1. Using alpha-carbon positions, what is the distance between the centroids of region B:136-208 and region B:73-90, in Å?
2. What's the average, rounded to a whole number, of partner chain beta-carbon atoms within 10 Å of each residue's beta-carbon in B:169-176?
3. So, R0 is 35 Å and r is the distance between the beta-carbons of B:Asp3 and B:Arg199; what FRET efficiency does that work out to, to 0.05?
4. Among A:Pro192, A:Thr249, A:Ala210, whose Cα sits farthest toward the positive end of the charge dipole of region A:153-256 (+1 at Cβ of Lys/Arg, -1 at Cβ of Asp/Glu, about the Cα centre)?
5. May I ask for the percentage of alpha-carbon pairs in region B:108-155 that lie more than 13 Å from each other?
6. So how strong a dipole does region B:274-535 carry about its Cα centre when Lys and Arg Cβ are +1 and Asp and Glu Cβ are -1, to the nearest 20 debye?
7. For B:Lys242, list the aspartates and glutamates whose Cα falls under 16 Å from its own Cα; do not include residues on the same chain fewer than 8 positions away.
8. Given 20 Å bins starting at zero, what is the percent of C-alpha pairs of chain A in each, up to the one with the largest pair distance?
Amino acid sequence: MLRFILGRMVKIALILLAITILNFCLIHMAPGDPALVMAGEAGDADPKFIEDLRAQFGLDKPFIVQLWTYVSHFATGDLGFSYRQQMPVSELILDRLPATLLLSISAFLISLILGVVAGVIAAARQGKASDSIISTIALLFYATPLFWMALMAVLLFSVQLGWMPAFGYETAASDMTGLARMLDIAHHLILPSVVLGLFFMATYVRITRASMLEVNRLDFVKTARAKGLKPSVIQRRHVLRNAILPVVTLAGLHAGQLVGGAVLIETVFAWPGIGRLMFEALQSRDYNVLLGVFTVSAALVLMFNLITDFTYRIVDPRIRLK
Amino acid sequence: MTDPIVRIENLKIALPEGADRPYAVDTCSFDLFPGKILCVVGESGSGKSMSANALMGLLPEGVHVSDGRIRLGERDLVGLTDEEMRDLRGRRVAMIFQEPLSALNPLMRIEDQIAEVFEAHGLLKPAERKKRAVELLTEVGLPDPARAARAYPHQLSGGQRQRVVIAMALALEPEVLVADEPTTALDVTTQAQILELIRTLQVERNMAVMFITHDFGVVAEIADHVTVMQLGKIVEEGPAAKVLSNPQHPYTRKLIDAIPKLRAGRAAAPAREPLMEVKGVSKTYRSGGGLFRPVREVHAVKDINLTIGRGETIGIVGESGSGKSSFGRCLVRLQDTDEGQILLGDQDITKAQGKDLQELRAKVQMIFQDPYSSLNPRIRVGRTIADGPIAHGTPVAQAMAEADALLERVGLPGAGKRYPHEFSGGQRQRIGIARALALKPQVIVADEAVSALDVSIQAQVLELLDELKRELDLSLVFITHDLRVAAQICDRVMVMQKGECVEIGPGSQVFDNPSHPYTRSLIEAIPGKDWDAEAA
């Protein structure tokens, strides 16, 4: 086991390094000069001023030197400094990360739990009305554009019914603390996480349903019936446990995507996460922030992957013991 | 005579509409007696498994008992509620299955799967259940039962898993054991052990056994009584000795005649000029070897030397894992060899590249075991057959015409426009043969080409292969685990064990006078060989 973890850690470090280098190169190939943007905003287009800006930020150095500077700082956990926001990038990201993680993990759990439960029900009632209803609803949520669903949800639950806050992470300037603040955040969290969760739910419904039906046909299910086990025990212990394996694979892929998938929702709901941070950085050519966000989201994807692999080893002994 | 424990009377099992016939089992009656084994024999589709499933109350959805009675003691099982039937299953009637590989849940420890039987019927405390599991595993003869109990299914061999399934079935000391082809998927030596185990346990516990099989060799080995089924009807029944020695119904006779006899089927053909020469071929599989993992090596084929004459049929026999299939795949270069040469004329198949390899591939073709997965389900069979020649430059129209001619030759005229699912297993294997012949090869490697087929179909396909071989002067490398088949059609036989050739010689010599202990143990294990000797 230790060997497995060690091996994976080395791989993850190498992949992360490669991603960082690639991102750095891509950003440098993209059109636009941060010094020009900054000079423009400062209202001074004097070539001397621009040259000074370049020298100050090391932008006049050869590309390879810039890359080396970035990577060597990155290795020590330093993601650089955002001159626009006058803050270290790592601080900016750490500030925003909890909100994003809260939103994506809630949405992830909602989609996974609802999806698997609905899939199991659909499989048990294969061919009946409830099967078609579940599949249709799931497909409907999947086919509706995410931002549209978000706007409609706001319109219905915030504007018309007034049940939920329309945007934000918590009630501004309310000075709530402790439990009250947590409940306030949870209240704000419901709409965005449910909308995002419902969107991703469809794939879980479909794969769980298909997988349950497939496992139901396998021989060991008949063995279980021959033992005289109750159908509910057979479904839970024998069928679901085996049917869940492809769901775990899919969930691992999704978990990584959710960080990126949250950008749109964060924008619609004015959720102060790294998705919005990235969007703002993109508009203002805040290279360091952009690079930092890319790297952190890559690291999250890799981390979710590692968790998936661990989960797989727990649920499938054939992998653990090979 | 004691009273039967199970009486099946005029059983009718209705199939859903649109099936090939209205009843899977049509007005069948038979009895199971304590301490006796009834073998129900028949080919696929005879209704033998359906009647077993009916007894267990495990008929597939859409299939139901439409008439008749299934009496267990005083009780009629037909019409019991699911809950009542569930209570009997495992406790009074238990079942073992054909595929030990898939009959166990891969994600659960063996002890938990056995403990479930007690749990299902609310017996014993959890700790006692596990203790009992180990005892049962000891009883079915698993080495190191305590460890096996903690294992997952994939850590056990096929034979060991079948013992686990048997242990599970015996847990609650049922009066009736239903065994659905329990040894079909096993190697011959393992099969002999499992048959022996079932025999012993059944006598010890005075159990009634309904043993489903397609193999008269197995019948000869263990049956007290035999029932022969054809298309849902019982065509013959009686004491095993009587049915085997003096079958009355033509269908029974046909089934028994179709079994290859365990004697060299013919004198070895006079040796002709060598066509293919195998020199010191070895193949090692390596797995693992990641950043922190050691490499695992399996020597699948070790230093095999063999000369195959023109027009000769060479049998390669051995148990699973003996390396016979790996060797076959090396011959057609479906996998690379590590060492040695395979010479066809002056060209080495193991080294050839590009154009040379393509030409060589046309000369050595393969027929696969599984007639279902070896044909692409989305491509019409004519095109499947023509694909090879087209790849070698034959114009499409001509290749398709040749494919039609080949299909006619293998007994399937006009089949080219149809898809694989429209054919039966035997027909598909004929298509496989036509495909192998399409490139006009000199050598055909047939890997377990008839293993998946019913015995009468098997006989027809073997006959076809033999005819074609003579007609086209082919050399045939026939890989099989079935020594009877090898004895019948091979000029020479090579016996493989753990990648090595332990014995090679003319069929008559290998079978009548085996020199290696492993060959002797294989022959010793063949079911019904004493019956064979009597018949001879």
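1. 25 Å
2. Going residue by residue through B:169-176 and averaging, the value is 1.
3. 0.95
4. Farthest towards the positive pole: A:Ala210.
5. Within region B:108-155, distances greater than 13 Å cover 50 percent of Cα pairs.
6. The calculation lands at about 1020 debye.
7. Correct list for B:Lys242: B:Glu221, B:Asp224, B:Asp257, B:Asp530, B:Asp532, B:Glu534.
8. It works out to 25, 48, 23, 3, 0, in whole percents.
Only the coordinates and a few stated rules stand behind these numbers; no lab work does. Source: prediction; values computed, not measured. FYI the Cβ positions are ideal-geometry reconstructions off the backbone, even for glycines, and counts take in every protein chain you see.
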